[in-house]
Amino acid sequence: MTAIYKKELKSFFHSFIGWLYLAVMLFMMGIYFMVLNMLSGYPTISYVLQSVVFLLLITVPILTMRTFAEERKYKTDQLILTAPVPVWKIVMGKYLALVTVSAIPMFVIGLTPVFLMRAGEFQTGTSYTALLGFFLYGCLGLAVGLFLSSLTESIVISAVLSFAAMFLGYIMSGLSNVIASSGTSAVAEYIAKFLLCFDMVGRFDSLCNGYFQMESVAYYVTATAFVLFCTTQSIQKRRYAVAGRGIKLGAYSIVNILAAAVVTIAVNIGLNYVPDQYTSIDVTANKLYTLTEDTINTVSGLSQDVTIHVLSDTSSKDTDLDRTLQQMQGLSKHIKVEYVDPVANPKFYYKYTDTEPTRNSLIVVGPSGDMVVDYNDIYAYEPNYTTYSYEVTGYDGEGQILAAIMRVTMDETARFYMISGHDELIFDEKFLNALDKENVTYEALSLHTVDQIPEDAAGVILNAPVNDYAKEDTEKLLAYLEQGGNALIIPTWTGTDMTQFERIMGYYDVSVVDGVIAEGDRSRYYQNPYNLFPEIVEGDLTDQVAGGTVFAPLSRGLRYPEEAENIRYQPFLMTSDNSFSKTDMLDADNYRKGDADIDGPFVIGLKVEKPTENGAVSQAVIVASEQIFTGLADEIVPGYNLKLFGSVIAGLADHEESLAIPVKYYAIGYLAFNAQTVYAAGFVSVILLPVLCLINGLLIWLGRRRK
């Protein structure tokens, strides 16, 4: 086998074909590496591999077309057929030579993470899992091409058949989905499932998503082994035909092939019945496909039955969503997941909603009611101004499903009123979504339209009003707080008199320091000293953001008594000792401390608990940063401001802990390179390596012609 391996390997590099293959693969990989990693800053090479996978449809037939077909054409295969060498060694020698050639460009691209990880947080696990998938997909393609080459003596026919097989394997997933979605009978579903057995690229895509699945690896390994076994039987049959014993071996080969097919199918089907936790590993940097500890604890502790209806047939289900559902179902016997084909049962949703949900949407049914989770809410989308379209940026399946489960199992939901009518800031969609996940209902409330705060209020939200409250409205809020009401208060700098608003904070003996805080510690702000990264003080409100960073632009300091007899103060966000409050905002562009400025440090996040005369306790969370609970601020520290908001609402709603699982974003940050590094990397990957391969191949070809 070693001699055959060396002979085949030399044949590739003593001709132009092997070097041309390397040049083409390295050139295309270099192009996508430059565009996606160096220029766009994507922190994984999986996108590069997914972009060049189509090349294997062309390069695999070119590599494999001569292996057996050419020897058969020129009758040199007689030496192999009569040699005292086991057929499997002949096949493996040729196959391993092919794998070695195809592995060289994969080895080169596999070195790039070592370089890329120096430019930022790099998704190493996702990258190498994708590389493994690309390699295994290529190995299967080489095995198929080798087998088809053994069936004919025509190099052209071998190449065409190999391309056709690779192309069918490439489109089989889409073809299967079309059949599944167009048919209404069980036959269409079975046909779709059968066709998925020949889906060669789908498992590679799965591994590119950062989810290492033993099923995908086993598929490639067993399918490759089966095809190589068929190749061995094909050569063996010809060897026995030369010896005059073709009929007997023909039957023998078919039996062996059928037995090998049964074993291959059994292994792949058997792995489907093994729970995911034993066969799959989440290798993403931000654990996209792993349930958080909060979800595990909540779902495991369920004592009421919940049924989740998925509006899809099993052949066209969303794999990420199904994975989350199966993990939850495995945690509790009280959760049942059922797939409902909307084509076969188009009126199923009528019992729960008048509006037809999107395909793959969920209907969650529990003892306290039902809730529809639309499929469009499972993923986070952001506009791409380059393509003028929306692109998927994150996965929110876990958060949406957990919120729905809690909603249909809880007897009551907390209601918050957002005070309006004073030019308050409006929460954007991601923060309103966090309220939904906390099982909190909310509505705007104009104080002049009511005589008092509604009795069902679990809390009120005063979100950065620009105009002061009327005295009568302030009295309504104070009356509510004196009865044990709760409040989230976010003051802002206005430059105008806010006497009545200050009375509300004064109920807790809290006031705002004049001016806006400027941070003197360079490591504690972003771009300019008014954009703070405050210190996170350990406490019940900050458990979710411990170890992370909160972004608090345009903050103000809070002043309160150091010692209070009845009121409990708990600061949770603070500035450094080098901070100061800039009192002259007309001179805001001057970041130096003036004589009238007030020295820090300052508390900008404060939780207050005040006993009331009726024996209740009024809670307030005061966060003196106008922009802290906005989408723009949250993007600076992906998800941490949102986590803090969820903890604040959970505390005011008297939840034991926050139920809101934030969106898990695919990107963990982009890589950044200077122009010199980009040019150097582009020259090496796109020009130098491919050109060297072409020159070397050309020199070898010219040298052979002279001989």
- Cleavage-rule hits, chymotrypsin sites (Phe, Trp or Tyr not before Pro), segment 374-478, DSSP coil, Cβ neighbours within 10 Å at most 14: Tyr385, Tyr388
- Query: With every protein chain kept in the model, how would you rank Lys347, Lys237 by accessible area, 1.4 Å probe, largest at the top?
  - Reply: Lys347, Lys237
- Inter-centroid distance (Cα atoms) of segment 393-451 relative to segment 264-301, Å: 31
- Note on the structure: So for R0 = 56 Å, FRET eff. of Gln304-Val684 from the Cβ-Cβ r, to 0.05, ends up at 0.40
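Taking 0.36 nm per intervening residue step and subtracting the Cα-Cα distance, what contour gain separates Val450 from Ala470 on full extension?
Residue separation times 0.36 nm, minus the Cα-Cα distance, leaves 5.9 nm.
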- Query: Distance from the Cα centre of segment 314-329 to that of segment 567-607, in angstrom?
  - Reply: 49
- With a Förster distance of 30 angstrom and the Cβ-Cβ distance between Ser389 and Gln326, calculated FRET efficiency to the nearest 0.05 equals 0.45
- How much net charge surrounds Thr355 when only other residues with a Cβ under 14 Å from its Cβ are counted (Lys, Arg +1; Asp, Glu -1)? -2
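What whole-number value in Å² describes the accessible area per residue of the chain for a 1.4 Å probe?
Per-residue value: 47 Å².
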- Query: Roughly to the nearest percent, how much of the accessible area of segment 382-503 is carbon and sulfur, given a 1.4 Å probe?
  - Reply: 48
- the chain - Rg over Rh from alpha carbon coordinates, Kirkwood radius: 1.09
- Message: Only sites in a loop by DSSP and with at most 15 other Cβ atoms within 10 Å count here; which GluC sites (Glu not before Pro) in segment 388-457 make the cut?
- Response: Glu412, Glu455
- Message: Let me check I've understood the local charge: for Gly93, count other residues with C-beta under 10 angstrom from its C-beta, Lys and Arg +1, Asp and Glu -1. What total comes out?
- Response: +3
- Task: Answer with one residue from Ser555, Pro529, Val545: the one whose Cα lies farthest towards the positive end of the charge dipole of segment 519-569, charges on Cβ with Lys, Arg +1 and Asp, Glu -1.
- Result: Pro529
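Based on the Cβ-Cβ distance of Ile695 and Ile104, what FRET efficiency does E = 1/(1 + (r/R0)^6) give at R0 = 25 Å, to the nearest 0.05? Each step should come with its number before you reach the end.
Values: r = 16 Å, r/R0 = 0.65.
Taking R0 as 25 Å, the efficiency between Ile695 and Ile104 is 0.95.
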- Dipole moment magnitude, nearest 20 debye, the chain about Cα centre, only Lys, Arg, Asp, Glu C-beta charged: 7560
- Task: Could you run the Karplus curve 6.51 cos²θ - 1.76 cosθ + 1.60 with θ = phi - 60° over segment 207-214 and give me ³J(HN,Hα) per residue in whole Hz, x for Gly and Pro?
- Result: 5, 5, 7, x, 10, 6, 10, 5
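The values are calculated or read from the model by the stated rules, or taken from the named source; none is laboratory data. Treat the numbers as computed from the prediction; the structure is a model and nothing was measured. Here Cβ is always computed from backbone atoms with ideal geometry, including for glycine, and neighbour counts include all displayed protein chains. Keep in mind that these areas ignore ligands, DNA and RNA; they rest on the heavy atoms of the full protein, side chains included. Shrake-Rupley method; radii C 1.70, N 1.55, O 1.52, S 1.80 Å.
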